[in-house]
Each structure stands twice: as C-alpha cells, then as structure tokens.
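Derivation of every value follows stated rules applied to the coordinates shown; laboratory data play no part. Computed from a predicted structure; not experimentally measured. Neighbour counts run over all protein chains shown; Cβ positions are idealised from the backbone, glycine included.
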Amino acid sequence: MKLWAGRFAKETDSLVNDFHSSISFDQRLYREDIAGSIAHAAMLRRIGVLSPEEESLIHSGLEQIQADATAGRVAWTEDAEDIHMNIEKLLTDRIGDAGKKLHTGRSRNDQVALDLRLYLRREIDIIAALLTELTESMLSLAQRHVLTWMPGYTHLQKAQPVSFGHHLTAYTQMFSRDLDRLADARRRLNVSPLGSGALAGTPYGLDRAGVAAELGFTGTTLNSMDGVSDRDFAVEFLAAAALLMMHLSRLCEEIILWSTNEFGFITLDDAYATGSSIMPQKKNPDVAELVRGKTGRVYGNLIGLLTVLKGLPLAYNKDMQEDKESVFDTVDTLQKCLMVMRPMLETMTVNEAVMSQGARQGFTNATDLADYLVEKGIPFRSAHEIIGKLVLFCAQEGRALENLTLDELRQASPVFDDEVYGQISVEACVRKRNLLGGPNPEQVDRSIALTRVFLKEISGRFAAAKMVEDNP
Ligand code: ARG
C-alpha cells in the first residue's frame, strides 16, 4: 500500500507507477536521505515530538538500512515511488510504529532538496580533488617545457612563438577558475532547506538551525517556498561543469590536432589510444575525442534543467524530479573525464624537435622584425608595411626572414644592422616577451609558482569546509 493511499479510492495505474517513480535513479541518494532523517529524528526528540526510545529505534533502524543498502541487500521498490518513501517504508516494516513518526514536520519536498544539496556537496569535493590533481600534473609538465619552443597560433595559422610550457599554463589558468567556481557553488549550496516542509514550513517548533549545524551546513534557507523550489545550486553546479568540460574539450581538440601526422607535436601512449577494425596502421585519439564529445551531454544537462525550471510556478512541482538525472549524469561524466585526462597527458611523448622546428616556420618572427624597425625609430604602421613586403618576397622565394642577407634587408630599409639576426631567432622572440603573463621562461616559472600557491589556497578552502562539516 502507498504511504499516501488514504485519500485514494483506487490503485494507481501500473503505467503511472512506472512513469512517476524515481527510485530507479534516486536510490543513489540513500546515504544523504538517511543522514537527513537521523538528524531530523534527533531534533524531534530534542523538541519532545519523539521519545528517546522512539528516536533510538529510528536511529539504529536507519543505520541498519544504510548498512544493508551499502552491501546491496536492499530491494528498492517502485511501488514506494522514490528513495524517501522506500526508506520510510523499510524503516516502518522493520521497527513498527516509531517509524511512522519520522515524517512529522517534514515533507519529501524539503527532504529531496536536502538530499541533493548533501549529495552535490560531496561530489563537488571529489571533482575538485580530481581537477586539482590534473592541474598539478599539468604544471609539472609545463615546468619541464618552459624551454620547449612551439608555434603559437591565431586562426590556426602560425602567429608568434611561445613555449609548450606557456601553452599548457593557459589551461591551468582555466582550471584554476573552474576550481574557484566549484568552491563558490559549494559555498552557496551549503544551507539546509529542512523545515520548509511542503512549502509553508511546519507548526511543530522545529529547531532548523540545530539540524542544519548537525548536517554541517553553514546556515538555513530563509524562505520556506524558496527552500523547496530552489534548484539554483544544481544549475550553478551544472554551469560550472559545462564550463569545465568546455576547457577539457578545447585541450582535447589540441591533443587531437597535435597527434596528427600533419602536426606531429605529440605522440599518445599506446595505452591511451585505440586502433581501427579495418585499417591496420591506425592509432586514434579516441579518449580525447570522447571527452570532446561528452561535453555535449554536459551542456545538454545544463540546458535541460534550466528549461525544466523556467516555467514552474512556486513552489514544488513534480517537474523538479527531472533535476536528478541531469546532475547524476554530469557528476559521472565529469569524474570519468577528469580521471582519464591526467594519465593520458602524463604518458604522451612531447616531440620537442618537431615543435621547435614548427616554431621556426611560417614567419613567426615577422612581428619581431617589425619591432626591430620600431626600435630604430620607424613608426609601427610603416614597419608593418615594410616587413609585410619582405614576407611576401620570402614566401615567393621559399625562404625565411632570418635567411635574408643584410643587403636584402637594407633594400627594404636602410636602418637594418647586423645585430638584427640575434633579435629574431625563436628563442630571442620568446625571451623578449618578458612581462607578467608572457612566454619568457622566467615568467612562465612565475606563473607556475603562482598557480601552485593558488592550488594550495583552494585545497585549503575545500579541506577547511569539510573539516567543519565532519565535526559539527
Ligand atoms: N521524488 C520526488 C523528487 O524527486 C521527491 C519529492 C516528491 N514530492 C511530491 N510532493 N511528490 O522530486
């Protein structure tokens, strides 16, 4: 019999049972649901709604259910609709009447909001730890390659030389912002909705703050209708996840490009590439392609939830049950992608000679040649024109700017001098860009050091929050 059967004269149609039940996916929330119930029951005892005996029966009954569920010994039933009623029903079956008092002063509406917040809080910590490890690993890789010259691109056309270390630390900046966003989302979700009831609170004199503190929250929601209908925290997580996936996807796109025969900048380890069923020679970057591809579903999850929420009147509506699969799928996808990215990067071979050869081609030093003329007093726009003509000449002749003779250079402008050659080597071009955020090796070292400081700080932030939660 359904826990809410009292008002109904008929059984639910079996199609409807299957259609509206969420137990197939929300069983994932059993630990959060039980933690919330244990804290709620303890508070009900404190305010005199439950006797100490009842509360202790509930507490130990819930702990047993948790142990059984963890061991896979619980048969969840569609008939009990969702995780909340499954657990309540199991409890009542096991401990009798005391179990029927657990739902006093509570609704599944505030219960599910609580469960999802607790769940995300834990999963965000796992994601942040994985992202921190990936970022640290990329910093070490960058550190080894501050002197590995490579072409920097705009429009995917060679532009100016940088180093592979500089290129990688661009990504560690993105990941630092992602970590900051995750920490931010976590901080904002960390308030307890319990006590909001179905939508209008409850008359039992609940100790909302006490329950919140016991569950490690930093506060409580402040409007009962908002408490049950707010899913901003889930949207914020999905948005941070979408942005992070976009960064991973861009990196993967580069890995795919770099591993082509045309680029040849890197070689993926055999353990992180796959073959073809027909073409014997193939070694494909499937892992990177899949991360790029999975970005689509994470975006979809964000747009999906935003769309579910956009037309909902206050307060709870069953539409909101659709939040969970978006969140679960995003958590799973993100964790898997982060786990596979790090070893893929750590095991790839960086073909330094190919990279630096590439940096010498395509007139990547043309800007520096123009800058040289500027130093000699020629206005930049005129210098641009002069060097543009030299580039055209070299392109026609199949030569490089640094191979022009001094005579040839002087025909373009009389101010050229012998020392020009020292200023347009790849190394000189990179070293000259010695400013904060630039590719000069010392600047890249500095950026790596600063990012390491940031990672320490943000890991500390996560650890401190968790420490408070674990010892409320
Ligand atoms: N399974 C529901 C959900 O995921 C729990 C809340 C149901 N509340 C209700 N009044 N039907 O949203």
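Specify which residue in the list 246, 273, 229 is farthest towards the positive end of the charge dipole of region 221-345, using unit charges on the beta carbon of Lys, Arg (+1) and Asp, Glu (-1), about the Cα centre.
Looking along the dipole axis, the top candidate is 273.
Taking each pair of different alpha-carbon atoms in region 169-299 once, compute 1/r for the pair, average those values, and report the inverse of that mean as the Kirkwood hydrodynamic radius in Å to one decimal.
Evaluated on region 169-299, it is 18.4 Å.
Treat each spin label as a single point 7 Å out from the Cα along the C-beta direction, and report the residue 405 to residue 427 distance in nm.
Between residue 405 and residue 427, the label points sit 2.7 nm apart.
For residue 266, which sequence-distant residues (separation of 5 or more, or a different chain) have an amide H within less than 5 Å of its own amide H, given hydrogens modelled in the peptide plane?
Those lying under 5 Å, H to H, from residue 266 are 259, 351.
For residue 223 and residue 322, FRET efficiency with R0 = 22 Å and r from the beta-carbon atoms, rounded to 0.05?
Between residue 322 and residue 223 the formula returns 0.45.
Mind listing the phi-derived Karplus ³J(HN,Hα) values for region 438-445, rounded to whole Hz, using 6.51, -1.76 and 1.60 with θ = phi - 60°, and x for any glycine or proline?
x, x, 3, x, 5, 5, 5, 3
What is the Cα radius of gyration of region 395-444 over 2.2 N^0.38 Å, N being its residue count?
Its radius of gyration relative to the 2.2 N^0.38 Å reference: 1.43.
Enumerate the amide H contacts of residue 150 below 5 Å, restricted to partners 5 or more residues apart or on another chain; note that Pro and chain-start residues carry no placed amide H.
162, 163, 164
From Cα pairs below 8 angstrom and at least 6 apart in sequence, can you work out the relative contact order of region 35-100, rounded to a whole percent?
With pairs under 8 Å counted, the relative contact order is 30 percent.
Just check region 1-118 against the gyration tensor rule for me: Cα atoms, a ≥ b ≥ c as the square roots of the eigenvalues, rounded for a/c under 1.5, and otherwise prolate or oblate depending on whether a/b exceeds b/c.
Because a/c hits 1.5 or more and a/b exceeds b/c, region 1-118 counts as prolate.
If you average the C-alpha positions of region 1-25 and of region 232-267 separately, how far apart do those two centres end up, in angstrom?
Using only Cα atoms, the two centres lie 43 Å from each other.
In bins 10 Å wide, starting from 0, what share of all Cα pairs of the chain does each bin hold, as a percent?
Cα pair-distance distribution for the chain, in percent: 4, 16, 21, 18, 14, 11, 8, 5, 3, 1, 0.
Could you tell me which residue out of 430, 160, 47 lies farthest along the dipole of the chain toward its positive end? Charges go on the beta carbon: Lys and Arg +1, Asp and Glu -1, centred on the Cα centre.
47
Using a 10 Å Cβ count of at most 15 others and DSSP loop calls, identify the longest part of the chain lacking such trypsin sites (Lys or Arg not before Pro).
It runs 74-281.
Defining a contact as two alpha carbons under 8 Å apart and six or more residues distant in sequence, what relative contact order in percent does the chain show?
Relative contact order here is 17 percent.
For region 260-389, just the Cα set please: Rg and Dmax, both in angstrom.
For region 260-389, the Cα-based Rg and Dmax read 24.9, 72 Å.
If you line up the Cα atoms of region 1-43 on their principal axes, what length do they span on each, largest first, in Å?
Cα extents, longest axis first: 36, 25, 11 Å.
Amide H of residue 202 versus every other amide H placed in the peptide plane: which residues, excluding those fewer than 5 positions away on the same chain, fall under 5 Å?
The answer is none.
Divide by every residue of the chain the summed helix terms, -39500 (n - 2.57) for each DSSP H run of at least 4, and state the resulting mean residue ellipticity at 222 nm, rounded to the nearest 500 deg cm²/dmol.
After summing the helix terms and dividing by residue count, I get -21000 deg cm²/dmol.
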